[in-house]
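The values are calculated or read from the model by the stated rules, or taken from the named source; none is laboratory data. Since the model is a prediction, treat every value here as computed from it, not as a measurement. Note that we place each Cβ from the backbone using ideal geometry, even for glycine, and neighbour counts take in every protein chain shown. Just so you know, the surface numbers come from the protein's heavy atoms only, side chains and all, with ligands and any DNA or RNA stripped out. Shrake-Rupley method; radii C 1.70, N 1.55, O 1.52, S 1.80 Å.
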Amino acid sequence: GNKEGEASVLGNIGIVYRDIFKTDEALKHLEESLDKYTVLNNKLGQSDILTQLWRLNYEINYFDKAIEYLLKLMVITEELGLTEKLSSIMGNIGNLYCVSNDFDKAVVYYEQALDICKIIGNQRKVASYLSRIGLAYLYNSLYLEALEYFSNSLKIYERSDNLHGEATQYGNMGIAYKKMGELDNALVYFKLALEIFTRRTSLKHVKMMS
């Protein structure tokens, strides 16, 4: 029979079951599809199905399983040489470790994603990963480290005139100072964030009126 066709149809059946919230059937068909693509050594097919599997497991709060599929996807993505996709997979692994309260592992994967984005020159993503590392440190009560990363993220957002990014980092820094009990500093940064958010709202209003 046509093994590629079987793998593809099983995957599509799994996606339909996911869309009608029959999760067990979806997982069963997607895993069968993955097995067939693996036997065929079809990396692109494996990549597509692993993407479906990690997202579905994430949606139903099976974080450990989602991470397991993401780690397999990471290996295949590396083999396929898809560098930018690799960085976002590492970022997603970091996100899942964060929601699982494993902040040390989250930082490991965020740092790897950050390194790739620096190499390919994607400054927007560099700023985003610096911020995510800062948040992982914040959740782990490492406030000075968090402030350092928020500050470095802020510098990139300032250089690129990304007001939303700037305001978010000021807000993050405010939270870190508040947690440290430095309430005067916290107020300074919260007010800076508020000022930018207010300015953005009024700019949007002006654009709508003009």
Ellipticity estimate at 222 nm from DSSP helix runs (n ≥ 4, -39,500 (n - 2.57)) divided over the chain, nearest 500: -29500 deg cm²/dmol
Cβ-defined net charge surrounding Val188, 12 Å radius [Lys, Arg +1; Asp, Glu -1]: -1
Net lengthening on full extension, Leu82/Leu40 (0.36 nm per residue, minus Cα-Cα): 13.1 nm
For the stretch 103-210: Kirkwood Rh in Å [reciprocal of mean 1/r, alpha carbons]: 14.4 Å
Angstrom value of the Kirkwood radius, inverse mean 1/r, which spans all Cα pairs in the chain: 19.3 Å
Rounded accessible area of Val9 (nearest 10 Å², 1.4 Å probe): 80 Å²
Table column - 3J(HN,Hα) (Hz), the stretch 191-197, Karplus curve with 6.51, -1.76, 1.60, x for Gly and Pro: 5, 4, 4, 4, 4, 5, 4
Added length on full extension, which subtracts the Cα-Cα distance from 0.36 nm per residue, Glu158 to Glu195: 11.9 nm
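Determine the sum of side-chain charges near Leu142: Lys and Arg each +1, Asp and Glu each -1, restricted to other residues whose C-beta is under 12 angstrom from that of Leu142.
-2
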Nearest-0.05 FRET efficiency for Glu31 and Val9, computed from C-beta distance (R0 22 Å): 0.95
Whole-Hz couplings from phi, Karplus 6.51/-1.76/1.60, listed for the stretch 53-58; x for Gly and Pro: 5, 5, 5, 5, 5, 5
GNM flexibility winner over the chain from Gly165, Gly134, Gly81 (Cα, springs under 10 Å): Gly81
Share of pairwise Cα separations in the stretch 116-166, more than 14 Å, in percent: 49 percent
Residue-normalised accessible area of the stretch 48-102, given per residue in Å² at a 1.4 Å probe: 48 Å²
Two-decimal log10 I(q)/I(0) for the stretch 32-90, as the Debye equation yields it once each C-alpha is a single scatterer, q = 0.16, 0.28, 0.29 Å⁻¹: -0.46, -1.15, -1.19
Heavy-atom accessible surface of the chain: percent carbon and sulfur, 1.4 Å: 54 percent
